[in-house]
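One structure is given here, and the rest of the page talks about it.
Each value in this text was obtained by applying a stated rule to the coordinates, not by laboratory testing. Everything numeric here is computed off the predicted structure, so don't read it as measured data. Reconstructed Cβ throughout: ideal geometry from the backbone, glycine too, with neighbour counts over all protein chains shown.
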Amino acid sequence: MKYKKKIHEKTLNDTKSIREDAEKIFISLRDNICKNLEEYENKSSKRQEKFQVNRWVRNEGGGGISSILRGSIIEKAGVHFSTVYGELPAGALNDEKSDVCDFWASGISVIIHPQSPHIPSAHLNLRMIATDKYWFGGGADLTPMLKIKRSEKDKDTVLFQKYLKSACDGSSIDEYDKFKKNCDAYFYIKHRNESRGTGGIFFDNYKSRNSSRDLSFLKQVGHNFIEAYKIIIEDNIEKKWTKKEKEEQLHFRGRYVEFNLMYDKGTLFGLKTGGNVDSILSSLPPLVSW
């Protein structure tokens, strides 16, 4: 165990500047996404809604900022930043080793559930993790809540994928096709034999030889995510919806819940490492049906 601790301490020392830069990127993205969603909510509705912010401390080490918005356009959005560290419980990283090692993890998590069934739900997660080595992970994906829009050919998904590909290309990350396939495979509800949504990009255990490029990629994914989503909101916000369409939305929100509670790595990691439960489960939509 002492041997592993020394390796972890060396990893922390070797990655000090990288970890600091990653945290700055996550905090900046968090502030920018909150600002954009607040501005759009206040511009498009009669009520002036703001994120409710909760700063929390993890007893075992670290803490974060949990931010929740509940509005008339954005029914529920969660934008969370955290940096946590300490002993890593067995199984937290899908590794059922009996011994426990030390870890450090920082990241941003975003989930947006709009009021309108015509506007897809959207999700972003970016993270850096260090144990006896370090790596990056995360991605972004779109979940339309109407059957007619649950296709990769739908214009919202086409736009979303275009922006994510641009994030890869702009950072000279020649992995878009691989990341897209990863997303399709990851966000799959096995017991339903169906996809959660229409995809995006997903990557885990990722690290190139150029850490600056990797950090630039994380930043660009976050930036392109919110820029694409704002366009999607604007393209759909004026559309009226029927009772049947609202029922469809609640139905597919149920599928969203099933995936997040049964398969989502971020949810499981947060719960197993003693993260803030309200932040972890804020990804769940406010209303669903089965």
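With only Cα atoms counted, the chain has Rg and Dmax values of 18.7, 62 Å. Once you divide the Cα radius of gyration of segment 21-161 by 2.2 N^0.38 Å, the number left is 1.22. Farthest towards the positive end of the charge dipole of the chain, among the residues 221, 107, 268, is the Cα of 268, using unit charges on the Cβ of Lys, Arg, Asp and Glu. Angle of helix 176-186 to the longest C-alpha principal axis of the chain, folded into 0 to 90 degrees and rounded to 10: 80°. With R₀ fixed at 22 Å, the C-beta to C-beta distance from residue 290 to residue 148 puts the FRET efficiency at about 0.55. Over 26 Å between Cα atoms, which of 181/207; 190/230; 219/239; 5/181 qualify? Beyond 26 Å: 190/230; 219/239; 5/181.
Dividing the mean sequence gap of close Cα pairs (under 8 Å, 6+ apart) by how many residues segment 2-276 holds gives a relative contact order of 18 percent.
Relative to the longest principal axis of the Cα atoms of the chain, the long axis of helix 155-170 makes an angle of roughly 30 degrees. Its relative contact order, with pairs defined as Cα atoms under 8 Å and 6+ residues apart, puts segment 1-71 at 20 percent. Here the spin labels are modelled as points 7 Å beyond Cα on the Cα-Cβ line, and at residue 155 and residue 272 they lie 4.3 nm apart. Farthest towards the positive end of the charge dipole of segment 2-276, among the residues 140, 233, 206, is the Cα of 233, using unit charges on the Cβ of Lys, Arg, Asp and Glu.
Computed over segment 196-290, the quotient of the alpha carbon radius of gyration and 2.2 N^0.38 Å is 1.37.
Between residue 48 and residue 7, the contour length at 0.36 nm per residue exceeds the Cα-Cα span by 9.8 nm.
The residues neighbouring residue 286, those whose beta-carbon lies less than 12 Å from its own, together hold a net charge of +2 under the Lys/Arg +1, Asp/Glu -1 convention.
Going by alpha carbons, how many degrees (0 to 90, nearest 10) lie between the helix axis of 16-44 and the longest principal axis of the chain? The answer is roughly 10 degrees.
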